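Inspection log for the structure reproduced underneath, given as structure tokens.
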Amino acid sequence: MSRSQLASSLYLGCCSHRERLSLSGGTASLGLTAVVVLTLCLGLTAVVVLTVWLVAVVVLTSWSCFSIQGARLSVSSTMSQAESPAGVDPGALLVRLLDLWTCKDLQGLHAEAWRGFSGLGEPLVGLLDVLAGCPGAQRGRAATLGQVVLGEFQRWRGAQQPPVGLEGVSGALVPALQSTALGLICDSQPGYMEPLLDIYQLHTLHRTLLLHHVTHLWDSTAFREAAMLATKLDLQADLDMEKMCVPLVLHDKFPLVEAYVKSHPHLQEALVSMLDAWCTPHFSLDTLRSQYPAVCLSKHQADLMQPKLIIKHVFRLMDKFNIDPAKCSNSVHKRKLDSLRFLMAMHFREGRMSEENWSDHVQAMVEGSLELQVYLVECVCRYGSVRQAAEWARCYNLPRNRLPVGVWDTLQSLPPAQTGVAPVCGASPDCWSLSPDDGQRYYQLPVARGNVHFLSTLQQLESCRHTLLQPGTVVGVDMEWRASFGTGGRQRVALIQLAVAGSVFLLDLCAAGFSQDPQTIRFVRELLAHKSILKLGYGMSGDLRSLVATWAELSEQPIKVEGMLDLLHVHQKMQMSRRGCEGGRRGVEVAVWGGGPEKGLSLLVQQVLGRPLHKQEQLSNWERRPLRQRQICYAAADAYCLLEVFWVLQKDPAHYGLPPDLCSIGPAPTHNSAPTQEQRSQDKTARDKGRRGGRKMKDPEAPRVWAVSPRSGGGDGVGEGEGPGQGEGPGQGEGPFVAPQELRVVCDNMLQGLGRYLRCLGMDVLILENHDDHRLAAKLARTEDRVILTSGQPYQTLKSQVGEGRCLALDCSERAREQAVQVLRHFRVRPTPHHVFSRCQPPHPPSHQENMPLPIPSPSHQENMPPYPPSHQENMPPYPPSQQENMPQNITPPHSPHSRTWLNPHSSNVASRRHSIRAGGAQISNQLSLQLF
């Protein structure tokens, strides 16, 4: 490049930079021209030219900023002098508010703000001047000064008579005020949006200006603020849904996306269709990111863009927005493929599903889809036999070129049969009672077949009414519906089981005339609302949700439930008592605590009655009519076992660690739902107080009541009271504390830091390696009676393989210390200084521990470190130095394998080292105790 070309490019760059800074006037132009001309005349080198250009840019930028600021001050001064009466200077008010904000004097700030607002000649004009000078977000501050000022202004405004508003401002000034207020809504001040929309009535601005500002926010990568503003001003119809929502989906902000398309059915359908299009095998995240280069994704956010997770969102939104599954063909097809694999494993590998049930489900799964029918034949050929695959191929009349090798030849050799009839090979006889072997292993219904009544007419229902609706009656309630295996659609109840002593009544909700009759609905509503009738169930919340989905009348007039005892809560209480019994803190012995892989109601029946339920018909097709005898027997046993469990527990509740009044056991609070903004703020405040230390607490030794229980349906959760005396109701905050060594856990490989932290607290912890499969955690939990600590997707799989309440899900994005606090709260573990690092000490008798040499850090001896004695290598600490960031903070581990020196056991340094270890343990214990209890 020649010197003249270089000078020309520099001049054009300076001019473009000047234009971006909105510089104008002859002085700036002459200054830039002079720089280029002097450079050419003096014949300077490129380096000197570049230096001169940079200096010129800096000078001109500074001059521009000062000029613009001066112009703004001049305009503001002119507007105040011309249109506002004399009053408090907004600039002086801002300085005083900043001083009080810096000193954290919120009371003084409140008083000064109210005085200042009252003294402003034009409060709405002065407020904008104050907000324009407020700083943005600051570290350690939950809110900004601008948010506090806006909050105080709204309270002050509401206290005025009449309230301050745009009605008192001259009409010519209103558009300017609204435009200025709209410009203050940006990503650096997200808390301004709601107050400014209300105070300055921004919805009355011209729609073009509002759309322009939303576009400006989006172009400046403020995707969240752009979507929020468009939602609040109802601008969705004039914006591109895909452009607005894709960055939010990539950033995993689905609640905001759902709020954006709310009340817009066409946008809801477009959103679900867009997500469904991402579920094809040809979808590429890189291609999508190239279309939105301004969207920056973290590794975690990129990992969330997996087809399996996207499909979950598609099905959730389909159900929420009531969208036809036919419009989400990719997601439905992929989910059905997964369901077919599950059915193959259940039938061929595990044998937990009969031939009839399996055949019913696969027919419904592959109906109308050639690809799924071909896949079914391939799976049957792989897991079953070629003859079975040929029979299914003949059933669907599949073309020869789509069949696996050998199936077509086998199909030609089959005897003639009707096309379209599904084969059922090896069907077991349909008999009422269990086989002798199964009768010895499983619970049997102690009711004769003649006392199990199948009701499908109103006349039959009338006889049932007289039997059930009697005060003092105890009724076992259960419901059955067809399993959808996650393929969409709401689960509608097909059968309601009602059991009383000696009889069982089955209400057929698949009989159209019977199920939709008002008398049937009125009978069920009356039964559930009767206070004098004790209803027994297990996990009734899920049954009631399905019942509401079955009858729309229950949504319009919510169902009232009285006199209900959910045995799931009783079972959870028993599990808590079991942990207390094993810890040696209760004088209660539980009679039966076996169960192996059983879970849910089957586990409760095994623990109380000695034998589990026979669950082979659990996943059967409950919508088929007529029902098989084994289905009827299973349905009746599912309801009648509730009565027998209740009778046994009622005779001796203390034997099972339960209170005398079983009906007093209520649900324990869980974290199934997302916490509200207020709850998150309270939790953050409590954590901040804990980090600053508990010395300011009035009584750090006062006991806190924590309500702990597993989640309904096999999950786990923790609920906590807010202070002493709360959560003391039935089933809440009861049960003893346990010592750390009494809790045995296995940590998934995603929580290795948590495992090391808990081990430092004295717990018996097994930690999976990175290459270990998640299923190993379930195997260890079953064989060694451990609790699983996991995170993310493996939780759903692992919790189904262990007993009730034996799997806890944690947030892997939190620090190990925060995760440990959740574990201690959930299992009511109280560590003491004696427990901290107790598992890191060599297991020598107490009389010899004082003479044991302790390895201490000694940087000066690291080059000549003697190794551990061979006899002590098994006691090496299980955590490498590279991962000691997950150790308790401010505490040096007593054993550091890469920094140690063996000392004379009689040396004074050993005693001081022991003292520091014990002091460190006491510090950790006190900090955790203050945060927990």
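The values are calculated or read from the model by the stated rules, or taken from the named source; none is laboratory data. These numbers were taken from a predicted model, which means no experiment stands behind them. Cβ sites come from the backbone with ideal geometry, for glycine too, and all protein chains shown count toward neighbours. Heavy atoms of the whole protein, side chains included, go into the accessibility calculation; ligands, DNA and RNA do not. Shrake-Rupley method; radii C 1.70, N 1.55, O 1.52, S 1.80 Å.
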Leu209 being within 27 Å of Cys134 (Cβ to Cβ) and crowded, with 17+ Cβ neighbours inside 10 Å: no
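Could you tell me whether Trp481 is aromatic (Phe, Trp, Tyr), under 25 Å from Val645 (Cβ atoms), open to solvent by 20 Å² or more (accessible area, probe 1.4 Å) and modelled with pLDDT under 90? Show your work before the answer.
Values: aromatic (Phe, Trp, Tyr): yes; under 25 Å from Val645 (Cβ atoms): yes; open to solvent by 20 Å² or more (accessible area, probe 1.4 Å): yes; modelled with pLDDT under 90: no.
The answer is no for Trp481.
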Answer residue from the range 165-191, given it is of a type in the set (Val, Ile, Thr) and in a loop (DSSP other than H, G, I, E, B) and is modelled with the highest pLDDT among those: Ile185
Pairs with Cβ under 9 Å, 6+ apart, first in the range 88-104 and over 13 Å from Val148 (Cβ atoms), second aromatic (Phe, Trp, Tyr): Val88/Phe117; Leu93/Phe117
Pairs where the first residue, in the range 556-569, is open to solvent by less than 60 Å² (accessible area, probe 1.4 Å) and the second is in a loop (DSSP other than H, G, I, E, B) and β-branched (Val, Ile, Thr), C-beta under 7 Å, 6+ apart: Gly563/Ile533; His569/Ile665
Any chance Leu376 is touching a Lys or Arg at 6+ places or on another chain (Cβ under 7 Å) and either within 28 Å of Pro626 (Cα to Cα) or aromatic (Phe, Trp, Tyr) (or both): no
Looking only at the range 417-437, and only at residues there that are of a type in the set (S, T, N, Q) and open to solvent by less than 60 Å² (accessible area, probe 1.4 Å), the one that is modelled with the lowest pLDDT: Ser428
Residues of the range 301-333 classified as open to solvent by 70 Å² or more (accessible area, probe 1.4 Å), part of a helix (DSSP H, G or I) and not small (Gly, Ala, Ser), total: 6
Single unsatisfied condition, Phe315 versus (1) touching a Lys or Arg at 6+ places or on another chain (Cβ under 8 Å); (2) closer than 14 Å to Pro247 by Cβ: (2)
Near pairs, Cβ below 7 angstrom, 6+ apart or cross-chain, from the range 789-803 (over 19 Å from Ala820 (Cα atoms)) to any residue that is open to solvent by 20 Å² or more (accessible area, probe 1.4 Å) and part of a helix (DSSP H, G or I): Val802/Arg782
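Does Leu507 count as in a helix (DSSP H, G or I) and in contact with a Leu (Cβ under 8 Å, 6 or more places away or on another chain)?
When the stated conditions are applied, Leu507 does not pass them.
For the range 188-225: of the residues being among the hydroxyl-bearing types (Ser, Thr, Tyr) and free of Cβ contacts under 8 Å to residues at least 40 places away in the same chain, which is farthest from Pro175 (Cα to Cα)? Break it down into steps so the answer makes sense when it comes.
Filtering the range 188-225 down to residues among the hydroxyl-bearing types (Ser, Thr, Tyr) leaves 188, 192, 200, 204, 208, 215, 220-221.
So of that shortlist, the ones also free of Cβ contacts under 8 Å to residues at least 40 places away in the same chain come out as 204, 208, 215, 220.
On the way: Thr204: 10, Thr208: 14, Thr215: 20, Ser220: 24 Å.
Ranking the qualifying residues of the range 188-225, first place goes to Ser220.
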Answer residue from the range 438-465, given it is within 25 Å of Leu544 (Cβ to Cβ) and free of Cβ contacts under 8 Å to residues at least 40 places away in the same chain and is surrounded by the most Cβ atoms within 10 Å (Cβ to Cβ) among those: Gln460
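Got at least one residue in the range 628-649 being open to solvent by 40 Å² or more (accessible area, probe 1.4 Å) and part of a loop (DSSP other than H, G, I, E, B)? Walk me through it before giving the result.
Just the residues of the range 628-649 that are open to solvent by 40 Å² or more (accessible area, probe 1.4 Å), to begin with: 629-630, 644, 647-648.
Add one more test, that the residue is part of a loop (DSSP other than H, G, I, E, B), and what stays is none.
No: zero hits.
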Cβ pairs under 6 Å, 6+ apart, first in the range 249-270 and more than 13 Å from Asn322 (Cα to Cα) and open to solvent by 30 Å² or more (accessible area, probe 1.4 Å), second in a helix (DSSP H, G or I) and of a type in the set (Val, Ile, Thr): Ala259/Thr231
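Starting from residues that are among the charged types (D, E, K, R) and part of a loop (DSSP other than H, G, I, E, B), keep the ones in the range 109-151 and report whichever is least open to solvent (accessible area, probe 1.4 Å). Walk me through how you get there before you give the answer.
Initial filter on the range 109-151 (among the charged types (D, E, K, R)): 112, 115, 122, 129, 139, 141.
Next, from what is left, pick out any that are part of a loop (DSSP other than H, G, I, E, B): 122, 139, 141.
Values: Glu122: 39, Arg139: 237, Arg141: 62 Å².
Only one residue fits best here, namely Glu122.
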Qualifying residue in the range 652-673 (condition: in a helix (DSSP H, G or I), at pLDDT 90 or above and either open to solvent by 90 Å² or more (accessible area, probe 1.4 Å) or under 19 Å from His826 (Cα atoms) (or both)): no
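Scan the range 546-555 residue by residue and report those that are in contact (Cβ under 8 Å) with a residue 40 or more places away in the chain and either open to solvent by 60 Å² or more (accessible area, probe 1.4 Å) or of a type in the set (Ser, Thr, Tyr) (or both). Before you say what the answer is, go through the steps one by one.
The first filter runs over the range 546-555 and keeps only residues in contact (Cβ under 8 Å) with a residue 40 or more places away in the chain, leaving 546-547, 549-550.
Of everything in the range 546-555, those that are in contact (Cβ under 8 Å) with a residue 40 or more places away in the chain and either open to solvent by 60 Å² or more (accessible area, probe 1.4 Å) or of a type in the set (Ser, Thr, Tyr) (or both) turn out to be Ser546, Thr550.
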